[in-house]
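The values are calculated or read from the model by the stated rules, or taken from the named source; none is laboratory data. All of these numbers come straight from a predicted model, not from anything done at the bench. Every residue, glycine as well, gets a Cβ built from its backbone with ideal geometry; the counts of neighbours run over all protein chains shown. Accessible surface is based on the protein model in full, side chains and every heavy atom, while ligands, DNA and RNA are left aside. Shrake-Rupley method; radii C 1.70, N 1.55, O 1.52, S 1.80 Å.
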Amino acid sequence: MKALRRGGFGIAAAACITPTIACASPLVEVERAARSLSGGAVPALAGAAIVVALMGLVTGSILTSRRMAGSSLFNRLFVVVAVTAGFFSAVSSAIGYSLITAQESQDFFRNNVLPPAFGVFVFFLAVAIWVGGAELVRERDWFRGVRKGLLADLLFFVERAIKLFVVIPILALILFFVSTWTTVVGIGGVDAVRYTYTFELARLQSECDGITAYRQKDKLFLEDLKQSVRNVRRTADSERIGGTQSGAAGAGAVAAYYSRVALWLDELQKSVETMINGPDPSGVSPYTPEICSATIAKMKTDLAGDAFSNYDAWQRKFETEFNDFAGVLNQWRHDQRIVVYLDGQLDNFDVANPRPVRDVEGRLSDGQSRAINQYAEEVKSGLETLVRRQKLAKPPPPLKSAAELSPARGLNIFLSWFRKPQPVKEESVSRTAAVVAAEFVPGLSTITPRDAVLKNANIFSDVWALAIAWDYAAYILMLAYLFFPSAERAAGYKD
């Protein structure tokens, strides 16, 4: 490492001499390059080299083994295929087993010992079934006393057929549950979970877009309120200058009342503006531009992160982020602060803006009193219309989650494949205030890797095909022993 740093320091320093290149400290550049190598290319090359070397050693050992001196090249390559398939199944099964049994706590035996031990078990089980099964098929067991001839050959053919089509498939069924299943989970389990969660993120994005669009109507309401304030002020000015309402110009009781109403509306408008522009109780504002895309983009980055080092921690982190934001959306959906505030202010309209009454000296004329009462009713009616319009604005109905669209989990997934879908009659429900208050954005439809690869088997059909090919290619080759017995022996050892 010291030599690497010294050599890299010289290279980086030489690069920094060029005036057109802006670079950081040479040591920083070297360390960055070292981290890049250690984090990507070197482990990949090392892993590939280990696999190639191991497979080369196994292949060479099988092809040159003295115990297979009388075996044909086909027979030897069959053993190579069976051993290689067992190796790949063992690795992928160990990964799948770790995903199935993983837990976030630091349990050494559960998280670090059991998965590779299970992989070793799968390897020897696959080799025992295929290599040992091929030996079982080749040897005569039931009709060894029959003299050589056509009858002996026919009986041996029947024996081989029973072994190949009854005994070996039973063993292969055991291998399916032990190896193929965990292989599929290991190869495609995390990707299948990501597929489901990507659908859920798209749903959350749509929910967020709809709810923020609904909350943007608060700003329209604020503009209407500001316009009401301007109208009242304009009316107060026209009354004071020309007496347009009462017929008596000047700063009289009518103009003073209009001014008080304008002042009250202005304070109302400022309170609503504070609710909209101030900090939201959820901690984030629905009026922030790009709030939906920014939040969902971060979740997508976390979803694409490393899930294999600690699957439970990865799952928990994403689920927490998703459900927290779904909770924020529900807060935005049911935020009625503006409506509740305005309802209370309307109830106190006459208290906040007391109308002047005729006193014993006749301070108000009938025209002034009528103008005050009429305008008070107009202002109050206009505000009630605004509030009623605000109440009638409803957020879009929540979208169904993946769990609601397809709730089957575990063994019920198999049963759902054979059930005929029942037609669902959509009943139109009037979205009253009570119905809207009971609506909530569903949280994350959590799913395990083993359920995800089953529910999305049509999407991950290539993973299933690959896992089956790994585990059962040897069986297809073994069928040659039934129909072409000469494939077993090398030249000079044939019957």
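Here are the numbers for the structure shown:
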read-out	value
Local net charge near residue 444, Cβ-Cβ under 13 Å (Lys/Arg +1, Asp/Glu -1)	-3
Base-10 log of normalised Debye intensity for region 208-350 (one unit scatterer per alpha-carbon) at q = 0.20 Å⁻¹	-1.14
Qualifying trypsin sites (Lys or Arg not before Pro) for region 120-213 [loop in DSSP, other Cβ within 10 Å: at most 13]	140, 144, 147, 148
At q = 0.20, 0.30 Å⁻¹, base-10 log of I(q)/I(0) for region 70-132 (Debye sum, equal scatterers on each alpha carbon)	-0.72, -1.13
Accessible area per residue, Å², region 304-359 with all protein chains present, probe 1.4 Å	49
Over 15 Å [Cα-Cα, region 108-147], rounded percent	60
Taking all pairs of distinct alpha-carbon atoms in region 414-490, Kirkwood radius in angstrom	18.5
Radius 12 Å from Cβ of residue 280, net charge of other residues (Lys, Arg +1; Asp, Glu -1)	0
Accessible surface of region 256-388, 1.4 Å probe, proportion on carbon and sulfur as whole %	53
Pairs from 317/400; 219/394; 219/270; 217/270 whose Cα-Cα separation, in the structure shown, is over 21 Å	317/400
Volume of the Cα convex hull of region 123-185, divided per residue and given in Å³	70
Part-to-part distance (alpha-carbon centres) for region 295-312 and region 70-86, which is given in Å	42
